[in-house]
């Protein structure tokens, strides 16, 4: 039955990839990338159960944290053009 | 007893798979960025939530179930942050949402214009 | 007091994630937890906003209710996605949040975003800009059921 879940997650990744390729704006692509990241965590968990090796869950947790930081960094870069942006600096100037 | 738990977990996993695929279809079908975020949130809450709940039932009580709970908490705390940041950044870049109705400039809200979400 | 509770939480987290219970690893875990709690106290993130442990009591009843809401609106969004004509009517609206503290407003905004069909686009003080997939979603948010619930959760 985990085969069904793996197949479903893979199909969803394919659909998200379609959106990443089609996506007219950069935000569609970031959204698709973040969704693929979330699905990768699920895929790690499901494959861990499928092969009877739940150690994959640790990798999933770490990947989740990296996915969040990565998406936020990309968004911040596109919004301010600079990763070291400081809100207070803008208000002073 | 274990048969009931097994059946329940299979049901949850199949439902989670279904909602994940529905979210993926929505991601492709929706017309603009903001509506696509709604579709992605179906994957991140219902899809991931039901799949992980099903796996918790499969794993039984123990460290594996605890780690799955951590992953679930990670999803439920961080996906809204990402969705919010994404929508805010898109609005800031002046990508106009497709709207059937705009109630922003009405009532007690700040009148028109100044609601792109920047902190004062 | 909050520093002690933060150290306890961090130690429990260490025990949960390590899975090995030899005396040396437990000692290292305890030392790490205490050091992290002290550093957090020095940086000043252990006050009500950084370590909101007092909200835990309200969370016990709030989270199941939120899960129920998510299931309901998730099913509604699923029907819209699978509908052949895609009957969406995106709506933007501004609502006023009644929770007073920062964790309360964050909980409210995150709950709105977590429920499929509505996302918080901007937060300005206690004015939240909300984008809803269908008109009924915006009506629900404006009716303020979730707002009242979050305020009760915050006061618990």
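The values are calculated or read from the model by the stated rules, or taken from the named source; none is laboratory data. Keep in mind that this is a model prediction, so the values were computed, not measured. Every residue, glycine as well, gets a Cβ built from its backbone with ideal geometry; the counts of neighbours run over all protein chains shown.
The figures follow:
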quantity: Leading residue by the ranking (nearest to residue B:62 (Cα to Cα)) among those in region C:1-51 that are without any contact (Cβ under 8 Å) to a residue 40 or more places away in the chain and in a loop (DSSP other than H, G, I, E, B); calculated: C:19
quantity: Qualifying residue in region B:8-19 (condition: within 7 Å of chain A (Cβ to nearest Cβ), at pLDDT 90 or above and closer than 21 Å to residue C:87 by Cα); calculated: no
quantity: Enumerated strands (runs of 3 or more DSSP E) restricted to region C:55-156, each holding at least 1 residues that are outside the structural domain of residue C:6 (by TED's automatic domain parsing), within 15 Å of the chain's Cα centre (by Cα) and within 23 Å of residue B:47 (Cα to Cα); calculated: C:118-124
quantity: Unmet criterion (only one of (1) within 21 Å of residue B:90 (Cβ to Cβ); (2) surrounded by 15 or more Cβ atoms within 10 Å (Cβ to Cβ)) for residue A:22; calculated: (2)
quantity: Leading residue by the ranking (surrounded by the fewest Cβ atoms within 10 Å (Cβ to Cβ)) among those in region C:108-127 that are out of contact with any strand residue (DSSP E or B) (no Cβ under 6 Å at 6 or more places or on another chain) and in contact (Cβ under 8 Å) with a residue 40 or more places away in the chain; calculated: C:111
